[in-house]
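> The structure under discussion is supplied below as structure tokens; questions concerning it will follow.
What follows draws every value from the coordinates through simple rules; no lab data is involved. What you see is a predicted model, and the numbers here were worked out from it, not measured in a lab. When we count neighbours, we look across all protein chains shown, and the Cβ atoms used for this are built from the backbone with ideal geometry, even at glycine.
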Amino acid sequence: MDSQSKIDKTSDDKNKDKRQGHHVMIFGASSGIALEFARPFAAKKAHFTLVARDEDKLKDISADLYTRGARDVSIVAYSLDSLEGSYEATRAIIKQTDAPDTALIAQGILGDNEELLHSPKKMEQMLQINVMSPVGIMMALEESMVVRGKGTIAVFSSVAGDRGRASNFAYGSSKALITAFTSGMRARLTKSGVNVLTIKPGMVATAMTDHLPRSPLMANPKAVANDIIKAITKHEAVVYTPSFWRFIMFIISHLPEGIFRRLKF
Amino acid sequence: MPTESWGRIKGQERDSKFIHWRSDANDMSHWKGPVLAHGLGRSYGDSCLIKDGTLLKMSELNKLRHFDPETGRLSCEAGLSIADLLTFAIPRGWFIPVTPGTKFVTMGGAIANDIHGKNHHRRGTIGNHITELELMRSNGERLRCSLTEEEALFRATIGGLGLTGLILSCTLQLIPIESAWIDAEMIKTKGLSDFFEVDRKSDKDFEYTVSWIDCMAQGEHGGRGIFIRGNHAVGGNIKKDYAKQKGFKVSVPFDAPGFTLNKLSIKAFNTAYYNKQFAQMKATKQAFDPFFYPLDAVGNWNRIYGSAGLLQYQCIIPKDRIEDLKQLFDVIAKSGQGSFLGVLKRFGNIASPGMMSFPVEGYTVSLDFKNIGKKSSELFHELDRIVMRAGGRLYPAKDYLMSPETFQLSYPQWTEFARYVDPLFESMFWKRVTTRG
């Protein structure tokens with residue numbers, strides 16, 4: 001099956017046609033929600049640039065997207081784990097594939113709070129993947145997308161970033177930075193025509209949560225992806241998905257400190 | 001919480017793992033104990049469960065691999081459900097060649113059980129339409145199996161109950177359709193002889209045939225039922241019509257109290273269902289879901305039987321053993337343990353490539369029973385005796401009660417099949433029917 005085109009082929013004339021239409025660029029493309037996010041775009045003949053660490057996974061994803069109608073899929077196997085590296089890689093990718101119409105930054109790891117607190121190495125690695133790399137990617141995307149004056153940068157934060165809780169504040173605080181960073185960048189770009197969407201999912205049934213029981217509170221990745229696409233279409237600023245989390249997090253955020261600190265969740 | 005099968009039998013796995021990528025199974029050595037793939041858990045008995053091992057949850061390994069719109073060949077990962085397959089294929093004018101009575105099964109599960117459908121007389125089993133499959137063995141070998149490559153393993157894997165290794169992906173030949181509708185006809189049959197006549201007449205002109213039998217009716221009404229037959233309609237706008245068919249779901253959120261289904265309520269239901277249709281024959285245009293998957297509209301319908309669960313009995317009576325078929329229905333009617341669903345269907349003579357495949361030419365009967373313990377197993381063993389006498393067999397995907405002797409006598413090829421079973425793979429069913437005493 002001739003299903004992946006290497007990035008260096010895209011400058012060929014005969015590939016120009018493939019790069020027409022909506023361009024979706026996904027960082028952390030092997031995350032559970034990213035694939036569900038990409039599928040409806042594939043059905044509308046978008047073309048894709050997918051970045052993730054594992055090439056085998058990228059090949060399987062691109063086969064799925066081609067089968068569903070994607071015009072073209074370029075895959076880049078790259079480990080997104082440093083700020084400068086992610087910045088330079090993103091610039092290089094954009095130079096070859098052009099700036100995206102829609103960019104999704106989806107990489108992230110959850111980690112075990114206790115384990116992270118006792119392992120500076122693991123804590124640093126989590127912050128590299130969840131914070132440093134997305135910041136580097138956003139810096140590079142901003143430069144190229146502002147020039148074109150359109151498009152969306154959608155970034156995964158989390159409901160966990162709304163308030164640091166005893167059970168997962170390491171992960172939560174990494175997402176708090178994303179929430180603040182995307183909020184500020186959105187304000188900065190407001191007149192440029194580029195929207196920045198902050199995505200705040202609750203628990204979603206993906207590989208990230210395989211170790212947790214699949215409870216009714218856990219959302220299905222397809223529903224979450226649909227919420228994100230809807231929010232992009234409507235140029236929204238922040239999307240809670242499923243939407244009931246907006247209400248729950250409003251309450252959690254407004255609990256008086258004296259009560260909140262006694263909660264063990 | 002242990003994984004349950006559709007009949008609410010509880011598994012005893014030590015651990016379970018979601019398989020998201022084909023590469024997740026490259027190294028099986030770090031899993032605890034023996035392993036077994038588990039799709040959407042629609043098998044009724046214990047063939048999808050494991051004891052003291054690791055259950056590999058496959059339903060999220062569901063990506064498409066390739067589709068050729070000219071030939072209708074589709075390659076997909078093994079966890080893709082028939083529901084998702086149809087959502088992709090129907091708007092493009094293609095349909096799955098063989099479908100069971102629920103669309104919530106994975107392709108891997110469909111292959112492992114070599115599923116059949118209402119068109120067995122025309123197209124055989126799903127195994128007749130699988131052109132290739134990708135099998136991961138516990139020794140790290142990843143094999144492409146088909147009728148021309150690794151043929152023996154291909155035949156063993158079709159209907160192989162997931163025991164020959166982990167099915168990662170498959171390629172199947174779809175059938176072209178023009179319309180999102182089925183031209184369906186429902187015909188009242190007064191008894192089994194009536195059924196045989198309608199069945200014979202329908203064989204040539206109808207892709208799909210099946211009959212619902214009122215298993216509570218005795219005496220002069222014995223064997224009465226409704227014969228359902230249909231063909232894919234022609235014309236219309238398949239894409240638009242299919243979009244219109246989006247069904248809604250009613251789910252049974254709680255277990256019904258045990259007394260909901262007693263002899264009186266089932267009898268009332270069956271009589272009402274039979275009498276619902278007054279005319280001798282009714283022709284309608286039906287959407288796919290109500291025609292193929294009526295029970296899927298009620299999510300978790302297995303819960304109406306309460307927490308004790310349900311047992312399903314599905315057997316084949318070979319074609320020349322009509323008297324045994326009659327006796328089977330007699331025994332069921334007299335037991336008073338029958339159910340909403342008594343289904344009778346004639347299997348044709350198309351042989352499956354599958355070594356352990358269930359269908360052979362003859363009549364298949366399937367019925368739901370509420371699990372009432374000893375009385376259920378006594379009835380089942382009485383039915384087993386009739387089936388064995390007739391030279392028939394039971395369907396492992398539905399079974400929880402057959403004895404090792406019954407299994408080994410009716411599937412004599414099991415010893416040959418056992419040579420292809422992967423040493424790391426095991427199921428509660430396989431242990432039960434291959435261990436004596």
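> Hey, got the average number of other protein chain Cβ atoms within 10 angstrom for residues in B:60-66? Mind dumping the intermediate values first?
Values: counts 6, 1, 2, 11, 9, 7, 6.
Per residue, the number of nearby Cβ atoms from other chains is 6 on average.
> Sticking with this one: Provide the gained length on full extension for the span B:Arg14 to B:Leu147, in nm with one decimal, where the gain is 0.36 nm per separating residue minus the Cα-Cα distance.
Length difference between fully extended and current span is 44.3 nm.
> Run the reach check for B:Lys398 against aspartates and glutamates, Cα to Cα strictly under 16 Å, same-chain hits fewer than 8 apart removed. What comes back?
B:Glu4, B:Asp46, B:Asp114, B:Asp368, B:Asp384
> Top mean-square fluctuation among B:Ala243, B:Ala152, B:Ala78, Gaussian network model of chain B, C-alpha springs under 10 Å?
B:Ala243
> Can I ask one more? How large is the helix-only mean residue ellipticity at 222 nm for chain A, computed as the sum of -39500 (n - 2.57) over DSSP H runs with n ≥ 4, divided by its residue count, in deg cm²/dmol to the nearest 500?
Value at 222 nm, helices only, nearest 500: -13500 deg cm²/dmol.
> Explain nothing, just the number: dipole magnitude of chain B about its Cα centre with +1 on each Lys and Arg Cβ and -1 on each Asp and Glu Cβ, in debye rounded to the nearest 20. Could you put the intermediate results ahead of the total?
On the way: 56 positive and 48 negative charges, 209 e Å.
For chain B, the charge dipole is close to 1000 debye.
> Rg and Dmax of chain B, using alpha carbons, in Å: what are they?
For chain B, the Cα radius of gyration and maximum Cα-Cα distance read 20.9, 62 Å.
> Can I ask one more? Inside 10 Å of the C-beta atoms of B:90-97, what's the mean count of C-beta atoms belonging to other chains?
Values: counts 0, 1, 0, 0, 0, 0, 0, 0.
For this peptide, the per-residue mean of nearby foreign Cβ atoms is 0.
> Ok, one more. Residue separation times 0.36 nm, minus the C-alpha to C-alpha distance between B:Lys319 and B:Ala418: what's the value? Mind dumping the intermediate values first?
Details: separation 99, 0.36 × 99 = 35.64 nm, distance 2.84 nm.
Taking B:Lys319 through B:Ala418 to full extension adds about 32.8 nm, to one decimal.
> I've got another one for you. In terms of the Cα gyration tensor, with a ≥ b ≥ c the square roots of its eigenvalues, is the range B:1-127 rounded because a/c is under 1.5, prolate because a/b exceeds b/c, or oblate? Before the final figure, lay out the partial values.
Values: a/c = 2.56, a/b = 1.54, b/c = 1.66.
The shape class here is oblate.
> Mind giving me the nanometre distance, one decimal, between the label points for A:Asp210 and B:Ser377, set 7 Å out from Cα along Cα→Cβ?
Taking the two extended label points, one gets 3.7 nm.
> Place the peptides B:401-411, B:53-63 in order of packing, highest mean first, counting for every residue the other Cβ atoms within 10 Å and averaging per peptide.
Working: B:401-411: 17.4, B:53-63: 23.1.
Going from most to least packed, we get B:53-63, B:401-411.
> Under 16 Å from a label point 7 Å along Cα→Cβ of B:Thr71: give me every residue in the range B:99-130 with its amide N that close.
B:129-130
> Mark the label point 7 Å from the Cα of B:Gln218 along Cα→Cβ and return the residues of the range B:315-357 whose backbone N is within less than 14 Å of it.
Flagged as within label range: B:329-338.
> Okay, moving on. Could you calculate the FRET efficiency of B:His30 with A:Ser82 from 1/(1 + (r/R0)^6), where r is the beta carbon distance between them and R0 is 41 Å, rounded to 0.05? Spell out each step's value before the answer.
Values: r = 29 Å, r/R0 = 0.72.
Efficiency at R0 = 41 Å is approximately 0.90.
> I need the shape label for the range B:303-437. Rule: rounded when a/c is under 1.5, else prolate if a/b > b/c, else oblate, with a, b, c from the alpha carbon gyration tensor. Please report the intermediate quantities before stating the final value.
Details: a/c = 1.81, a/b = 1.21, b/c = 1.49.
It comes out oblate by the Cα gyration axes.
> Looking only at B:Glu426, B:Glu361, B:Glu416, which one moves most when chain B is put into a Gaussian network model with springs between Cα atoms under 10 Å?
Highest fluctuation of the listed residues: B:Glu416.
> Gap in Å between the Cα centre of the range B:72-142 and the Cα centre of the range B:357-404?
25
> Let me ask something else about it. If you filter the range A:138-205 for chymotrypsin sites (Phe, Trp or Tyr not before Pro), then keep DSSP loop positions with at most 10 other Cβ within 10 Å, what is left? Before the final figure, lay out the partial values.
Values: sites: A:Phe156, A:Phe169, A:Tyr171, A:Phe181; in loops: none.
Within the range A:138-205, no chymotrypsin sites (Phe, Trp or Tyr not before Pro) qualify (loop, at most 10 other Cβ atoms within 10 Å).
> Report, to one decimal in Å, the Kirkwood hydrodynamic radius for chain A based on all distinct Cα pairs. The partial results should precede the final answer.
Values: mean 1/r = 0.0530 Å⁻¹.
Every distinct Cα pair counted, the radius reaches 18.9 Å.
> Would you mind telling me which residue in A:Lys200, A:Lys175, A:Lys222 has the biggest mean-square fluctuation in a Gaussian network model of chain A, where springs connect alpha carbons within a distance under 10 angstrom?
A:Lys222
> Could you check the simple spin-label distance between B:Ile304 and A:His254, using points 7 Å along Cα→Cβ, in nm with one decimal?
4.5
> Looking only at the range A:7-260, where both bridge partners belong to it, what percent of the DSSP beta bridges are antiparallel (to the nearest 5)? Write down the numbers at each step before the final one.
Details: 0 of 29 bridges.
So the antiparallel bridges amount to about 0 percent of the total.
> A further question follows. Over all residues in A:59-67, what is the mean tally of Cβ atoms on other chains that come within 10 Å of each residue's Cβ? Can you show the working numbers first?
Details: counts 2, 10, 2, 1, 8, 8, 2, 4, 10.
That works out to 5 on average.
> For B:Asp203 and B:Asp289, calculate 0.36 nm times their separation in residues minus their Cα-Cα distance, and state this gained length in nm to one decimal. Walk me through the numbers on the way to the answer.
Working: separation 86, 0.36 × 86 = 30.96 nm, distance 2.27 nm.
Additional length available on full extension: 28.7 nm.
> Still on this structure, please answer the following. Below 8 Å between Cα atoms, with a sequence gap of 6+, how large is the relative contact order for the range A:7-260 in percent?
Working: 471 pairs, mean separation 43.4, N = 254.
Over the range A:7-260, the number comes to 17 percent.
> Can you classify the range B:25-82 as rounded, prolate or oblate using the Cα gyration tensor, where a ≥ b ≥ c are the square roots of its eigenvalues, rounded means a/c under 1.5, and otherwise it's prolate if a/b beats b/c and oblate if not? Please report the intermediate quantities before stating the final value.
Numbers: a/c = 3.94, a/b = 1.83, b/c = 2.15.
Oblate.
> From the phi angles alone, apply the Karplus equation (6.51, -1.76, 1.60; θ = phi - 60°) to the range B:347-358 and give each ³J(HN,Hα) in whole Hz, x where the residue is Gly or Pro.
8, x, 9, 6, 7, 7, x, x, 5, 9, 4, 6
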